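Note sheet for the following structure.
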Amino acid sequence: MSTQGEKMTPREIEARSMAIIARELGDRVFPPEELPVVKRMIHTTADFDYADNLRFSPGAVEAGLAALKEDCTLVTDTRMAWSGVNKRALEGLGGRAACFIDDPQVAAQAAQREETRSAVAAERAAQLPGA
């Protein structure tokens, strides 16, 4: 992302990435509450297909924000998605992020039960308070 020898902070890298995403979105128009979600998903996955394929149910963004403000835990099933979560912003809303896919206990249970790590990780997530 940086040119040779240029030092950038993580925030500067993210800001530059978001500017590139905005430029690449071109003339596409999104409701203002959905645009940050679309941009974050593209930033996390580097998949611009989200710009054309993602659909929101009415009130989905508002419902998601309300849940985040209710001391919730956002659970992802991949480390890549977990990495794309802005933990500082999430914590500012009172939430936190979790991903159990690479937890050693999850891996051991999955191997013992001959289950996928995803299935065992989902079971662990379901045990979180408020699940």
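The values are calculated or read from the model by the stated rules, or taken from the named source; none is laboratory data. This one's a predicted model, so the numbers in the text were calculated from it and none came from an experiment. Note that each Cβ is placed from the backbone with ideal geometry, even for glycine, and that neighbours are counted across all protein chains shown. For the accessible areas, the whole protein counts, side chains as well, though only heavy atoms, and no ligand, DNA or RNA atoms are used. Shrake-Rupley method; radii C 1.70, N 1.55, O 1.52, S 1.80 Å.
At-a-glance table
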| read-out | value |
| --- | --- |
| Yes/no for Asp47 being in a loop (DSSP other than H, G, I, E, B) and touching a residue at least 40 places away in the same chain (Cβ under 8 Å) | no |
| Residues within the stretch 93-123 that are β-branched (Val, Ile, Thr) and open to solvent by 40 Å² or more (accessible area, probe 1.4 Å), tallied | 1 |
| Residue within the stretch 71-94 that is farther than 24 Å from Glu33 by Cβ, assigned to a helix (DSSP H, G or I), more than 16 Å from the chain's Cα centre (by Cα) and not small (Gly, Ala, Ser) present | no |
| Count - residues of the stretch 68-92 that are over 18 Å from Ala122 (Cβ atoms) and surrounded by 15 or more Cβ atoms within 10 Å (Cβ to Cβ) | 3 |
